[in-house]
There are 4 protein chains.
Amino acid sequence: MPTIVIAYHSSNHHTEAVALEVAKGAESTGASVIVHNIENPVERLWSDLSAADCIIFGSPTYMGDVSAVFKTFAEQTSKPWFGQEWKNKLAAGFTNSGTPAGDKLTTLQSMTILAAQHGMVWVNCGVMPSVYTGDGKNLNRFGHYLGLATMSDNSPVSPTNPAAEDRETARQFGIHVAQATARWASGQKAA
Amino acid sequence: MPTIVIAYHSSNHHTEAVALEVAKGAESTGASVIVHNIENPVERLWSDLSAADCIIFGSPTYMGDVSAVFKTFAEQTSKPWFGQEWKNKLAAGFTNSGTPAGDKLTTLQSMTILAAQHGMVWVNCGVMPSVYTGDGKNLNRFGHYLGLATMSDNSPVSPTNPAAEDRETARQFGIHVAQATARWASGQKAA
Amino acid sequence: MPTIVIAYHSSNHHTEAVALEVAKGAESTGASVIVHNIENPVERLWSDLSAADCIIFGSPTYMGDVSAVFKTFAEQTSKPWFGQEWKNKLAAGFTNSGTPAGDKLTTLQSMTILAAQHGMVWVNCGVMPSVYTGDGKNLNRFGHYLGLATMSDNSPVSPTNPAAEDRETARQFGIHVAQATARWASGQKAA
Amino acid sequence: MPTIVIAYHSSNHHTEAVALEVAKGAESTGASVIVHNIENPVERLWSDLSAADCIIFGSPTYMGDVSAVFKTFAEQTSKPWFGQEWKNKLAAGFTNSGTPAGDKLTTLQSMTILAAQHGMVWVNCGVMPSVYTGDGKNLNRFGHYLGLATMSDNSPVSPTNPAAEDRETARQFGIHVAQATARWASGQKAA
C-alpha cells in the first residue's frame with residue numbers, strides 16, 4: 001500500500017481544512033495517508049517523511065510566498081537533500097489564501113523548486129477547471145494547475161470556508177496524487 | 001519499451017546538440033527515443049507525441065523565456081490540452097543559453113506550467129551539482145534543478161560548445177528521465 | 001508631457017479592450033499615450049518605443065505564458081537590448097485570460113524578466129484588491145500585484161466582457177503607471 | 001538627500017558582505033544608506049523603513065527561495081502593507097548562494113512579488129553581463145537581471161569570497177539603485 005505524507009502549515013485552520021480534504025480523497029483510493037502539522041512536529045515526522053512514497057506540501061500564501069513556518073521546514077529538509085535521500089519520491093503541493101490568485105502561484109513555484117532540489121517527481125493538480133469541462137461543479141474555479149489552490153476568508157473554518165467546491169477540488173486532487181503514487185510505487189525501479 | 005519524445009527548438013544547433021545528448025543518455029537505458037525539431041515538424045509529430053509515455057521539451061532561452069518558436073508549439077498543444085489527452089504522461093525540460101543563469105529558470109518554469117496545464121507529471125533534473133557531491137565531474141555546474149540547463153557561446157557547435165561537462169550532465173539527465181519513464185510505464189494504472 | 005507606449009497583442013479583441021482602458025486611465029492624467037498592436041506593427045513602432053518614457057506590455061495568457069506573437073516581439077527587442085537602449089525607461093504589464101488565475105502570473109513574470117533584461121524599472125499593479133480596502137468596487141478582484149490581470153470569456157468583446165470591474169481596475173492601473181511615469185520623467189537624471 | 005534602507009539577512013556573513021558592497025556603491029553617489037540586519041532588528045528598523053525612499057531586500061537563497069528569517073520579516077511587513085504605506089517607494093533585491101544559478105531567481109521573484117504587493121516600484125539589476133559588453137570585468141557573470149545575484153562558498157568571508165567581480169557588480173548595482181532613487185525622489189509626486 002503506497003504511503004503519502006501530507007506536511008502542512010496552517011495558522012488558522014483554513015489550510016488545515018484543505019489538508020484534511022486532500023487526505024480524504026487520497027484515502028478513498030486505498031492509500032495510507034499520514035498528516036503532519038509541521039509547526040509543532042512530532043518526533044516521527046522525519047522518519048515518516050523518509051519512508052513515504054509521496055510527500056504533499058501544504059502552506060498558506062502569505063505576502064506572496066510560502067509561510068515562514070513552511071520555509072523553516074523546507075530548510076530543515078536540507079539534511080535529506082544533501083544525500084539526495086528523497087530522490088525519486090513523488091511530490092505535490094497546495095496552498096490557500098484570501099483571494100482567487102493572490103500570488104498563490106509563487107507559493108506553488110517555491111514548492112516545485114524545493115521538490116526539484118530533492119530530485120523528486122512532481123505531480124500537478126490534475127483537476128481541469130469546470131469552466132472548460134462544463135461539468136457544472138465549479139472545480140478548480142481559479143484555474144491553477146501547478147498544484148491545488150483554494151480560497152478562504154478570515155472567518156472561522158466551516159464547511160463553506162474554504163468553499164465547498166474548493167473542498168471537492170481538494171479531494172479530487174488527493175485522488176489524483178494517490179493514483180499517481182500507487183502507479184509509481186508499483187512500477188519497477190531501475191536496478 | 002517506454003517511448004520518449006524529445007520536442008525541441010534550436011536556431012543554431014546548440015540546443016539541438018543538447019537534445020541529442022539527452023537522447024543518447026535515454027537510449028542507453030533501453031528506451032525508445034524519437035527526436036523532433038518542432039520548427040519544421042514532420043507530419044507524425046503529433047501522433048508521436050500522442051503515443052509517447054514521456055515528452056521532453058527543449059528550447060533555447062531568448063530574452064528570459066522559451067523561444068517564440070517553442071511558444072508557438074506550446075499553443076498548438078491546446079488541442080490535446082482541451083481533452084486532457086496528455087494527462088498522466090511524464091514530462092521534463094531543458095534549455096540552453098549564453099550565460100550560466102541567464103534567466104533559464106523562467107524558461108523551465110514556463111515548461112513546468114505547460115506540463116501542469118496538461119496534467120502531466122514532471123520529472124526534475126535529477127543530477128546533483130558536483131560542487132556538492134565532490135565527484136570532480138563538474139556536473140550541473142550552474143545549480144539548476146527544475147530541468148536541465150546548459151550553456152554555449154555563439155561560436156559553432158563543437159564537442160566543447162556546449163561544454164563537455166554540460167553534455168555529460170545532459171546524458172545523466174536523459175538517463176534519469178528514461179528510468180522514471182520505465183518505472184512509470186511499468187506501474188499499474190488506476191482503473 | 002511624459003509619453004507612454006502600450007505594446008500589446010490580442011487575438012480576439014479582449015486583451016485589446018483592456019489595452020484601451022489602460023490608455024484611457026493614463027490619458028486622464030495628461031499623459032501622451034500611443035497604443036500599438038504588435039502583431040501587425042506599423043513602421044513607427046520601434047521609433048515610438050525608443051522615444052517612450054514608459055512601455056506597457058500587454059498579452060493574453062495562452063497555455064500559461066505570454067503569447068507566441070508577444071514572444072516574437074520580445075525577441076525583436078534584443079536589438080535595443082544589446083546596447084541597453086531602453087535602460088531606465090519605466091515598464092509595466094497586463095494580461096487577460098479565461099480564468100481568475102489561469103497562470104497569468106507566469107505571463108507577468110515573463111514580462112518582468114523582459115523588462116529586467118532591458119534594465120528598465122518596473123511599475124507594479126498598484127491597485128489594492130477591494131476585498132482588503134472594503135471600497136465595494138470589486139477592483140483587482142483576483143488579487144494580482146505584479147501587473148494588471150483581467151478575465152474574459154470567449155464571447156465577443158462587450159462592456160461586460162472583460163467585466164466592468166476589470167475595466168475599472170485597468171483604468172486605475174493606467175492612472176498609477178502614468179503618475180509614476182510623470183514623476184520619473186520630471187526627476188533629475190544622474191549625470 | 002535620498003534615503004535607502006538595505007534590509008538583509010545573513011547567516012554566515014556572506015550575504016552581509018554583499019550588503020556592505022551595495023551600500024558602498026550607493027553611498028558613492030551621495031545617497032544616505034542605512035543597513036539593517038533583520039534577524040536581530042533594532043527598534044528603529046520599522047521607522048527607518050517607513051521613512052526610506054527605497055528599500056533594498058537581501059537574503060541568501062536556501063533550498064531555492066528566500067530564507068525563513070527573511071520570510072518572517074516579509075510577513076511582518078503585512079502591517080504597512082494593509083494600509084499600503086510603502087506604496088510608491090522604490091524597491092530592489094539581492095541574493096547570494098553557493099552555485100551560479102542555484103535557483104537564486106526564485107528568491108528574486110519572491111522579492112519582486114513582495115514589492116508588488118506593497119505597490120512599490122522595482123529597480124532591476126541594471127548591470128549588463130560583461131560577456132555581452134566585452135569590458136573584460138566579468139561583471140554580472142551569471143547573467144541575472146531581476147536583481148543582484150552573487151556566489152560564495154562555505155569558507156569564511158574574505159575579499160575573494162564572495163568573489164571580487166561579484167563585489168564590484170554589487171557596487172555597480174548599488175550605484176544604479178541609488179541613481180534611480182535620486183531621480184525618483186526629485187520627481188514631482190502626483191497631487
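Please state which one of B:A182, B:A164 is of a type in the set (A, V, I, L, M) and open to solvent by 50 Å² or more (accessible area, probe 1.4 Å). Explain how you work it out, then say what you get.
Values: B:A182 fails: open to solvent by 50 Å² or more (accessible area, probe 1.4 Å).
That would be B:A164, the only listed residue that is of a type in the set (A, V, I, L, M) and open to solvent by 50 Å² or more (accessible area, probe 1.4 Å).
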> What are the pairs, 6+ residues apart or on separate chains, where a residue within region C:90-107 that is touching a residue at least 60 places away in the same chain (Cβ under 8 Å) and within 13 Å of chain A (Cβ to nearest Cβ) has its Cβ under 8 Å from a residue that is of a type in the set (V, I, T) and open to solvent by 10 Å² or more (accessible area, probe 1.4 Å)?
Replying inline: C:T95/C:T61; C:N96/C:T61
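Any idea which residue in region D:136-182 is farthest from the other protein chains (Cβ to nearest Cβ), counting only those that are of a type in the set (D, E, K, R) and touching a helix residue (DSSP H, G or I) at 6+ places or on another chain (Cβ under 7 Å)?
Going residue by residue through region D:136-182, those that are of a type in the set (D, E, K, R) are D:137, D:141, D:153, D:165-168, D:171.
Subset that is touching a helix residue (DSSP H, G or I) at 6+ places or on another chain (Cβ under 7 Å): D:137, D:141, D:167, D:171.
Working: D:K137: 15, D:R141: 7, D:R167: 18, D:R171: 15 Å.
So, considering only residues that are of a type in the set (D, E, K, R) and touching a helix residue (DSSP H, G or I) at 6+ places or on another chain (Cβ under 7 Å), the one farthest from the other protein chains (Cβ to nearest Cβ) is D:R167.
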>> For region C:124-135, give me each residue that is more than 8 Å from every other protein chain (Cβ to nearest Cβ) and under 18 Å from the mean Cα position of the chain (by Cα).
In response: C:V127
> Taking into account only those residues within region D:159-191 that are at pLDDT below 95 and of a type in the set (A, V, I, L, M, F, W, C), which is farthest from B:P100 (Cα to Cα)?
Replying inline: D:A191
>> Against the condition under 14 Å from the mean Cα position of the chain (by Cα), within 10 Å of another protein chain (Cβ to nearest Cβ), open to solvent by 10 Å² or more (accessible area, probe 1.4 Å) and hydrophobic (A, V, I, L, M, F, W, C), how does A:V121 come out, does it pass?
In response: no
> Within region B:137-153, which residues are under 30 Å from A:W122 (Cβ atoms) and either surrounded by fewer than 18 Cβ atoms within 10 Å (Cβ to Cβ) or aromatic (F, W, Y) (or both)?
Replying inline: B:K137, B:N138, B:F142, B:Y145
>> Checking B:G102 against (1) modelled with pLDDT of 95 or more; (2) surrounded by 24 or more Cβ atoms within 10 Å (Cβ to Cβ): exactly one of these is not met. Which one?
In response: (1)
>> Please list, ordered by residue number, the helices (runs of 4 or more DSSP H) wholly in region B:1-105 having 1 or more residues that are acidic (D, E).
In response: B:14-27, B:45-51, B:68-76
>> Exactly one condition in (1) buried (at least 24 other Cβ atoms within 10 Å of the Cβ); (2) over 14 Å from the mean Cα position of the chain (by Cα); (3) within 16 Å of A:L146 (Cβ to Cβ); (4) of a type outside the set (V, I, T) is false for B:S110; which is it?
In response: (2)
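This table checks each residue for (1) within 28 Å of A:Q76 (Cβ to Cβ); (2) touching a Ser or Thr at 6+ places or on another chain (Cβ under 9 Å); (3) open to solvent by less than 10 Å² (accessible area, probe 1.4 Å).
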{"residue": "D:H14", "(1), (2), (3)": "yes, yes, no"}
{"residue": "D:A26", "(1), (2), (3)": "no, yes, yes"}
{"residue": "D:S59", "(1), (2), (3)": "yes, yes, yes"}
{"residue": "D:F70", "(1), (2), (3)": "yes, yes, yes"}
{"residue": "D:L90", "(1), (2), (3)": "no, yes, yes"}
{"residue": "D:F94", "(1), (2), (3)": "yes, yes, yes"}
{"residue": "D:A115", "(1), (2), (3)": "yes, no, yes"}
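Given the criterion modelled with pLDDT of 95 or more, open to solvent by less than 30 Å² (accessible area, probe 1.4 Å) and not hydrophobic (A, V, I, L, M, F, W, C), identify the matching residue among A:P156, A:P80. I'd like the intermediate steps shown before the answer.
Values: A:P156 fails: open to solvent by less than 30 Å² (accessible area, probe 1.4 Å).
The conditions single out A:P80.
Residues of region C:113-158 being in a strand (DSSP E or B) and in contact (Cβ under 8 Å) with a residue 12 or more places away in the chain, which ones?
Narrowing region C:113-158 to residues in a strand (DSSP E or B): C:121-123, C:148-151, C:158.
Correct list: C:V121, C:W122, C:V123, C:L148, C:A149, C:T150, C:M151.
The values are calculated or read from the model by the stated rules, or taken from the named source; none is laboratory data. The structure presented is a predicted model; accordingly, all values stated were derived computationally and were not measured. As a convention, Cβ positions derive from the backbone with ideal geometry for all residues, glycine included, and neighbour counts pool all protein chains shown. The protein model used for the area step is the full one, side chains on, heavy atoms only, and it has no ligands, DNA or RNA in it. Shrake-Rupley method; radii C 1.70, N 1.55, O 1.52, S 1.80 Å.
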